[in-house]
Amino acid sequence: MAASTLPTTKSGLYADPRPDWLALREEDAIDPGRPIVDPHHHLWDRGGQVYLIEDIAGDIVSGHNIVATVYVEARSMYRANGPDAFRPVGEVEFANGAAAMSASGGYGPAAICAGIVGHANLLLGEEVRPVLEAEISAGQGRFRGIRHSSAWDADPDVAHMYATRPKGLLLDSTFRKGFACLAPLGLSYDAWLFHPQIGELTDLARAFPETRIVLDHCGGPAGTGQYAGRREEIFATWRASICEIAKCPNVVVKLGGLAMCLLGYDFHERAMPPSSEELAAAWRPYIETCIEAFGPDRAMFESNFPPDKGQCSYQVIFNAFKRIAASMSETEKNALFLETAENVYRLALA
């Protein structure tokens, strides 16, 4: 696609990556020796979109020192046959295969898919346990937990592909019976939602204090659809919810996902890709709020590639994060870029 052509979107939530456009912005990596675990990326081949191990391997060779990554569910490579409940096991098999490919050394030094977050339908209630056990087996020591997305909004211009998902999923009693199966198996729960739903997740976290919950993408602050043109008002609402859920010691937060269209910035529509300075300025209020609320030991920077690749390159996104963290101590930086992700996802890094 020509750099001057506006991108299409497959989901409405993020722009399609355009390598020729992204190549217009090159930066030297800031603090290139700093070890980083990227705790959130996807791999997929679906609907004309392809992003596989060679693609993430090509992106992380960006000048930043990525030592490991965590795969997060993307409804990718489900089994074509067998009981519906067990079809998501195929995604864990797929991600573990990518991890095995990475372990060969043929895709660079980073341990790609060192941790795996899959999907299981928690609306199965207690019947989800054998599915989780099958995923643990399929992960061969790499499976760490699940994500059952609860993102929903009444405005289809916000929700897009999530418009048909159930409202109030996190409050559903059957869902909670399934959720209760996670902690006994040593599994975590990644939460993907929009900011008006953070209160529901807070209620869930308080009901299950023994379950580790990872709040994805800064809690999904929205700036599109019914939330467009209301940035200051929405920020205040979002901030109050972040400060409240941060009181739950079993919840940690991922700092990223802000280069999706959801936040309401138009970087993907500009003639030139944004610089890391521009991104840092736009994202700083959100990321600094999260770090202040949760603390560096419960916060971690994420790429969310390829969705965030629609607005910036891997090189630029981590430069933006490093600019935001520049004034922090070495201990705090180590937590945000490496140790929180390593601890939450129990990664045994050499």
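Details
- Among the residues of the stretch 282-312, those identified as touching a helix residue (DSSP H, G or I) at 6+ places or on another chain (Cβ under 6 Å) and open to solvent by 20 Å² or more (accessible area, probe 1.4 Å) are 284, 293, 296, 297.
- Spans of helices (runs of 4 or more DSSP H) in the stretch 299-350 with at least 2 residues without any contact (Cβ under 8 Å) to a residue 60 or more places away in the chain: 314-324, 330-334
- Residues located in the stretch 99-124, provided they are small (Gly, Ala, Ser), over 16 Å from the mean Cα position of the chain (by Cα) and closer than 28 Å to residue 178 by Cα: 99, 120
- Residues that are farther than 22 Å from residue 98 by Cβ, without any contact (Cβ under 8 Å) to a residue 40 or more places away in the chain and among the polar types (S, T, N, Q), drawn from the stretch 134-183: 164, 173
Per-residue answers, yes or no, for (1) touching a Gly at 6+ places or on another chain (Cβ under 6 Å); (2) farther than 29 Å from residue 12 by Cα:
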{"site": "176", "(1), (2)": "no, yes"}
{"site": "183", "(1), (2)": "no, yes"}
{"site": "196", "(1), (2)": "no, no"}
{"site": "235", "(1), (2)": "no, no"}
{"site": "243", "(1), (2)": "no, no"}
{"site": "248", "(1), (2)": "no, yes"}
{"site": "258", "(1), (2)": "no, no"}
{"site": "263", "(1), (2)": "yes, no"}
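- Residues considered: 183, 207, 163. Of these, the only one that is closer than 27 Å to residue 264 by Cβ and of a type in the set (Gly, Ala, Ser) is 163.
To keep it simple, each residue is scored yes or no on (1) of a type in the set (A, V, I, L, M); (2) more than 30 Å from residue 45 (Cα to Cα); (3) in contact with a Phe, Trp or Tyr (Cβ under 7 Å, 6 or more places away or on another chain).
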| site | (1), (2), (3) |
| --- | --- |
| 245 | yes, yes, no |
| 253 | yes, no, yes |
| 261 | no, no, yes |
| 307 | no, no, yes |
| 316 | yes, no, no |
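- Entry remark, the stretch 138-169: residues being closer than 14 Å to residue 93 by Cα and in a loop (DSSP other than H, G, I, E, B) number 3 in total.
- Residue within the stretch 125-137 that is surrounded by fewer than 23 Cβ atoms within 10 Å (Cβ to Cβ), in contact with a Phe, Trp or Tyr (Cβ under 7 Å, 6 or more places away or on another chain) and not in a helix (DSSP H, G or I) present: no
- Within the stretch 204-249, the set of residues being of a type outside the set (Lys, Arg), without any contact (Cβ under 8 Å) to a residue 40 or more places away in the chain and more than 23 Å from residue 297 (Cβ to Cβ) comprises 207, 228, 229, 232, 233, 234, 236.
- Matching residues in the stretch 176-196 - criterion: being under 19 Å from the mean Cα position of the chain (by Cα) and open to solvent by 40 Å² or more (accessible area, probe 1.4 Å): 196
- First in the stretch 70-95 and of a type in the set (A, V, I, L, M), second anywhere and in a loop (DSSP other than H, G, I, E, B) and at pLDDT 95 or above, Cβ under 6 Å, 6 or more apart: 70/345; 74/42
- The condition of being touching a Lys or Arg at 6+ places or on another chain (Cβ under 8 Å) and among the hydroxyl-bearing types (Ser, Thr, Tyr) holds for only one of 149, 173, 137, that being 149.
- Residue list for the stretch 250-281, filter: open to solvent by 50 Å² or more (accessible area, probe 1.4 Å) and in contact (Cβ under 8 Å) with a residue 60 or more places away in the chain: 269, 271, 272
- Any hit, the stretch 197-208, residues being at pLDDT 95 or above, aromatic (Phe, Trp, Tyr) and open to solvent by 10 Å² or more (accessible area, probe 1.4 Å): yes
- Close pairs (6 angstrom Cβ cut-off, 6 or more residues apart or separate chains): on the phi > 0 side of the Ramachandran plot in the stretch 107-131, among the hydroxyl-bearing types (Ser, Thr, Tyr) and assigned to a strand (DSSP E or B) anywhere: 113/71
The values are calculated or read from the model by the stated rules, or taken from the named source; none is laboratory data. As the structure is a computational prediction, the values presented were derived from the model and not from experiment. FYI the Cβ positions are ideal-geometry reconstructions off the backbone, even for glycines, and counts take in every protein chain you see. Each accessible area value is taken on the protein alone, full model and side chains, heavy atoms only, with ligands, DNA and RNA left out. Shrake-Rupley method; radii C 1.70, N 1.55, O 1.52, S 1.80 Å.
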